[in-house]
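Asker: One structure, pasted below without further comment.
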Amino acid sequence: MSRFIINGGNELHGSVKIQGAKNAVLPLFAASILTEDKVIIENVPNLIDVHNMSQILMALGVEVVRYGNLAEISATKLKSHEIHNKLAKELRSSIFLLGSILARQQYAKVAYPGGCDIGLRPIDIHIKGLRELNVRIVERAGYIYCDATKMHGAEINLDYPSVGATENVMLAAVRAKGNTIIRNAACEPEILDLQNFLNAMGAKISGAGTSTIKIEGVEVLNGTTYQAMPDRIVAGTFAIAVAMAGGEVKLTSARAGDLNSLLSKLNKTSCHIAFDNDTITIKAKENRYAVENIATQPYPGFPTDLQAPMMALQAVSDGICIMTENVFENRFRHVNELKKMGADITTHGRTAVIKGVPRLTGSEVDAQDLRGGAALVLAGLNAQGTTTINDIFHIDRGYENLEGALKSIGADITRVQ
Ligand code: UD1
């Protein structure tokens, strides 16, 4: 099993190009099978999750060719409408394929999805949304069987603005007869990216990025070439890295507008932030102060995916931070690992109280999930001495060559196989 060895204490200086967004690319891959034409997606990060999605598509009979950060996807012929248990367990995003497969094949059989172990992650909102499009769904022995022969547009009120359910319903409704309106839709920037991609394929969708999305069903979609948006969570992770390690770093291909909830907090407490259209420059201030209250919320609130990295920063900021995780129920598994490094954190249910210490101490820790693992890397950059992080396959699910990018701006980090 690979691990990272980090000798903490180096300031970060230079520039880093931010990778394409995993959470945008996965639904774009799912959307690519809505046409028989070839689709080209640029800015695709090389990640285990993207590889797993490609494997699932190929098992359906889709041709997926990758050249560096470009993917060519041709779903001219789909030979199957079934996603097997083993593949679905590797990747929660396999659930988006339910909507796409139904739009193309009318029938789908999909195993319950897996993914990061950060809570129960039910799929009831996906199922309810698809049922409202008049898809008949039966759940049996770990599989979901769907029949969309009578699928049509509908008005759908999501019980919660689930990102995945919003995307899944969009993917199903885009080729359904009639109009669909999704209310209480998720507003995340990745949903807007999906809308832009689908519209480039000939879809008629408006409203993504707000809580009401309108879809006018079309019969056929065409191929396109599309550049996926930059990864706001990766950009946020690097911004927090600079706050924790010190220095000044320019993030290129990064959109400050997608990260307001983080950058406004950093600006007040630990960093000077400057930005233009597609760069963000982060300069660490001499002193770091705690943010008093942080509560994760759906976009545009503070992103749950930056909760763990932000907790690592609060652990070395002057003062007390009260952090509440509202989106997932089991997302504090990094707390014990941060404590091994000297952090002073207590948890009460979904709330963590973090009392800042001047600096963390190098230790041997285990990545428990993707973003929690990234938080440990940031902690290691700050810590006095050497930190070893085990099980970094979790981190590889979302960060492309994280150690290479950090090394290029001065960090002392090595991957050991
Ligand atoms: C997506 C992101 C993930 C991010 C999350 C929230 C991708 C590939 N992943 O995950 O990185 O952390 O948004 O910003 O884009 N829920 C239900 N029933 C459902 C669906 C969701 O109860 O049918 C619950 C989940 O258990 C969770 C909450 O709703 O507690 C949010 O989930 P959702 O917005 O669906 O997140 P994902 O799409 O899984």
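Asker: Kindly evaluate Ile137 against the criterion of being within 16 Å of the ligand (Cβ to nearest atom) and in contact (Cβ under 8 Å) with a residue 24 or more places away in the chain.
Answerer: When the stated conditions are applied, Ile137 does not pass them.
Asker: Among the residues of the range 203-217, write down those that are open to solvent by less than 30 Å² (accessible area, probe 1.4 Å) and either in a helix (DSSP H, G or I) or in contact with a strand residue (DSSP E or B) (Cβ under 6 Å, 6 or more places away or on another chain) (or both).
Answerer: Passing the criteria: Ile205, Gly207, Ile213, Ile215, Gly217.
Asker: Something else: Looking only at residues that are of a type in the set (Ser, Thr, Tyr) and under 17 Å from Asn23 (Cα atoms) in the range 298-318, which one is nearest to the ligand (Cβ to nearest atom)?
Answerer: The residue in question is Thr304.
Asker: May I ask you to say which residue of Glu36, Glu11 is in contact with a helix residue (DSSP H, G or I) (Cβ under 8 Å, 6 or more places away or on another chain) and among the acidic types (Asp, Glu)?
Answerer: Glu11
Asker: Check whether at least one residue in the range 96-112 is aromatic (Phe, Trp, Tyr), within 13 Å of the ligand (Cβ to nearest atom) and buried (at least 23 other Cβ atoms within 10 Å of the Cβ), and report yes or no.
Answerer: yes
Asker: Kindly provide the set of residues from the range 140-149 that are surrounded by 12 or more Cβ atoms within 10 Å (Cβ to Cβ) and either assigned to a strand (DSSP E or B) or not hydrophobic (A, V, I, L, M, F, W, C) (or both), ordered by number.
Answerer: Tyr143, Ile144, Tyr145, Cys146, Asp147
Asker: Hey, any hits in the range 347-366 for a residue that's assigned to a helix (DSSP H, G or I) and surrounded by fewer than 20 Cβ atoms within 10 Å (Cβ to Cβ)?
Answerer: No, the range 347-366 contains no residue that is assigned to a helix (DSSP H, G or I) and surrounded by fewer than 20 Cβ atoms within 10 Å (Cβ to Cβ).
Asker: Please determine, by comparing only the residues of the range 169-186 that are within 15 Å of the ligand (Cβ to nearest atom) and open to solvent by less than 30 Å² (accessible area, probe 1.4 Å), which one is nearest to Asn260 (Cα to Cα).
Answerer: Checked the range 169-186; the qualifying residue nearest to Asn260 (Cα to Cα) is Ala186.
Asker: So the check is Cβ under 6 Å with 6+ separation or different chains; which pairs have a first residue in the range 277-294 that's in the same structural domain as Leu263 (by TED's automatic domain parsing) and a second one that's of a type in the set (D, E, K, R) and in a strand (DSSP E or B)?
Answerer: Pairs found: Thr279/Lys250; Thr281/Lys250; Lys283/Glu248; Tyr289/Asp318.
Asker: To continue, here is another question. Looking only at the range 324-342, which residues are in contact with an Asp or Glu (Cβ under 9 Å, 6 or more places away or on another chain) and open to solvent by less than 30 Å² (accessible area, probe 1.4 Å)?
Answerer: Residues satisfying the conditions are Arg331, His334, Glu337.
Asker: When you scan the range 324-360, how many residues do you find that are among the acidic types (Asp, Glu) and away from the ligand (no atom under 16 Å from the Cβ)?
Answerer: 2
Asker: Considering Thr166, Thr269, Thr237, which residue is among the β-branched types (Val, Ile, Thr), within 16 Å of the ligand (Cβ to nearest atom) and not assigned by TED's automatic domain parsing to the domain that holds Ile41?
Answerer: Exactly one of Thr166, Thr269, Thr237 is among the β-branched types (Val, Ile, Thr), within 16 Å of the ligand (Cβ to nearest atom) and not assigned by TED's automatic domain parsing to the domain that holds Ile41, namely Thr237.
Listed here are the residues, each with its yes/no results for (1) buried (at least 22 other Cβ atoms within 10 Å of the Cβ); (2) of a type outside the set (Ser, Thr, Tyr).
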residue	(1), (2)
Met229	yes, yes
Val234	yes, yes
Phe238	yes, yes
Lys250	no, yes
Arg255	no, yes
Ser261	no, no
Asp276	no, yes
Thr304	no, no
Val316	yes, yes
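Asker: Kindly indicate whether any position in the range 225-247 is more than 28 Å from Asp412 (Cβ to Cβ) and in contact with a Lys or Arg (Cβ under 8 Å, 6 or more places away or on another chain).
Answerer: The answer is yes; a qualifying residue exists.
Quick grid of which residues meet (1) outside the structural domain of Asp193 (by TED's automatic domain parsing); (2) touching a residue at least 24 places away in the same chain (Cβ under 8 Å); (3) in a loop (DSSP other than H, G, I, E, B); (4) crowded, with 22+ Cβ neighbours inside 10 Å:
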{"residue": "Leu26", "(1), (2), (3), (4)": "no, yes, no, yes"}
{"residue": "Ser32", "(1), (2), (3), (4)": "no, yes, no, yes"}
{"residue": "Glu36", "(1), (2), (3), (4)": "no, yes, yes, no"}
{"residue": "Val39", "(1), (2), (3), (4)": "no, yes, no, yes"}
{"residue": "Val44", "(1), (2), (3), (4)": "no, yes, yes, yes"}
{"residue": "His51", "(1), (2), (3), (4)": "no, no, no, no"}
{"residue": "Ser54", "(1), (2), (3), (4)": "no, yes, no, no"}
{"residue": "Leu57", "(1), (2), (3), (4)": "no, yes, no, yes"}
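Asker: Another one. Please work out which one of (1) out of contact with any Cys (no Cβ under 7 Å at 6 or more places or on another chain); (2) away from the ligand (no atom under 16 Å from the Cβ); (3) open to solvent by 20 Å² or more (accessible area, probe 1.4 Å); (4) hydrophobic (A, V, I, L, M, F, W, C) is the condition Cys321 fails and give its number.
Answerer: Condition not satisfied by Cys321: (3).
Asker: Ok, one more. Residues of the range 278-302 being under 18 Å from the mean Cα position of the chain (by Cα) and either open to solvent by 80 Å² or more (accessible area, probe 1.4 Å) or β-branched (Val, Ile, Thr) (or both), which ones?
Answerer: Thr296, Gln297, Pro300 - these are the residues of the range 278-302 that are under 18 Å from the mean Cα position of the chain (by Cα) and either open to solvent by 80 Å² or more (accessible area, probe 1.4 Å) or β-branched (Val, Ile, Thr) (or both).
The values are calculated or read from the model by the stated rules, or taken from the named source; none is laboratory data. Keep in mind it's a predicted model, so treat the numbers as computed, not measured. Methodologically, a virtual Cβ is constructed for each residue, glycine included, from the backbone with ideal geometry; neighbour enumeration extends over all protein chains shown. Areas reflect the complete protein model, heavy atoms only, side chains present, ligands, DNA and RNA absent. Shrake-Rupley method; radii C 1.70, N 1.55, O 1.52, S 1.80 Å.
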